[in-house]
Amino acid sequence: MLACAEAWRGAGEVLASPMGTVPSIGARLARLTFSPDLLLTDGEALLMGDVPAVGARSEVTEGWLPYRQHLALVATGRRHVMMGASQIDRFGNQNISCVGEWSRPARQLLGVRGAPINTLNNPTSYWIPRHSRRTFVERVDMVCGVGYDRAEAAGPSATRYHHIPEVISDLGVFDFSTPDHSMRIRSLHPGVSVEQVREATGFELVVPPEVPETRAPTAAELRLIREVIDPRGLRDREVRT
């Protein structure tokens, strides 16, 4: 949860669009601590002035965010999305549509949804609760979210707002701060080794000379998560303990 929250550190007044329980907890934690200007939505058409628990209704409305205004935010880079990924490759191409050949897929998933416009028009990070070779693959079966290599090939119109700040899994935090924008290890969660991550990844990760440990939550942050943001423990359904 803390690593997801850190993705919005210093974001300023941008719209957070977390998809899933743990990203939602992260966005709320960021708002309550180090990113007080972060905008949160109720998932429909309202900006929340308060920070309700996950699954609870907001009691304070800060503003109205109709669909047309939401699209305006998307098209100008003023939103930071955190999505999931059924597959992701070394350059950040993401798949949530199907597994297997497009003509005869072995598994039908969510579909492309808004992944292309998300990745080309505003920062998009990813939360992956199960780090494995099934998800971190050499080549995605279908491109939904656009990675760095494909955005560069498409030209300036695709790279203007394209940015993948982080990929967060149950093993560590990863980014693309390399010369060719291939995925590297930014930090590993406590108790996780480089060898363990390499074994669970279907491509060669860039490993810095010194791999830091992901920051642990403070006592105050733990209290917010457990008592204010997620008192029902919904996070336990998504995170392996």
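The values are calculated or read from the model by the stated rules, or taken from the named source; none is laboratory data. Treat the numbers as computed from the prediction; the structure is a model and nothing was measured. Ideal geometry is used to build each Cβ from the backbone, glycine not excepted, and the neighbour counts take in all protein chains shown. Side chains are part of the model used for accessible areas, which takes the heavy atoms of the whole protein and leaves out ligands, DNA and RNA. Shrake-Rupley method; radii C 1.70, N 1.55, O 1.52, S 1.80 Å.
Points worth noting:
- Any chance Arg28 is of a type in the set (Lys, Arg), within 21 Å of Arg232 (Cβ to Cβ) and either within 20 Å of the chain's Cα centre (by Cα) or open to solvent by 20 Å² or more (accessible area, probe 1.4 Å) (or both): yes
- Residue satisfying all of: in the stretch 191-219; closer than 14 Å to Leu2 by Cβ and free of Cβ contacts under 8 Å to residues at least 24 places away in the same chain; most open to solvent (accessible area, probe 1.4 Å) among these: Ala219
- Residues that are crowded, with 21+ Cβ neighbours inside 10 Å and at pLDDT below 95 within the stretch 115-131 comprise Ala115, Asn118, Thr119, Leu120, Asn121, Asn122, Pro123, listed in sequence order.
- Filtered by the rule that a residue be outside any loop (DSSP other than H, G, I, E, B) and either over 12 Å from the mean Cα position of the chain (by Cα) or surrounded by fewer than 21 Cβ atoms within 10 Å (Cβ to Cβ) (or both), the stretch 89-114 gives Asn95, Cys98, Val99, Arg107, Gln108.
- Residue in the stretch 66-80 that is more than 16 Å from His163 (Cβ to Cβ), free of Cβ contacts under 8 Å to residues at least 24 places away in the same chain, assigned to a loop (DSSP other than H, G, I, E, B) and within 19 Å of the chain's Cα centre (by Cα) present: no
- Evaluation of Val137 against (1) farther than 28 Å from Glu199 by Cα; (2) among the β-branched types (Val, Ile, Thr); (3) open to solvent by 10 Å² or more (accessible area, probe 1.4 Å) (one fails), failing number: (1)
- Sole exception among (1) in a loop (DSSP other than H, G, I, E, B); (2) at pLDDT 90 or above for Ala151, by number: (1)
- Considering the stretch 6-23, the residues that are open to solvent by less than 20 Å² (accessible area, probe 1.4 Å) and of a type in the set (A, V, I, L, M) include one that is farthest from Gly55 (Cα to Cα), namely Ala7.
- Residue selected from the stretch 57-85 under the condition within 12 Å of Leu15 (Cβ to Cβ) and among the β-branched types (Val, Ile, Thr), by the criterion surrounded by the fewest Cβ atoms within 10 Å (Cβ to Cβ): Thr76
- Residue count for the stretch 156-190 under the criterion of being in a loop (DSSP other than H, G, I, E, B), charged (D, E, K, R) and either under 16 Å from Asn118 (Cβ atoms) or open to solvent by 60 Å² or more (accessible area, probe 1.4 Å) (or both): the result is 3.
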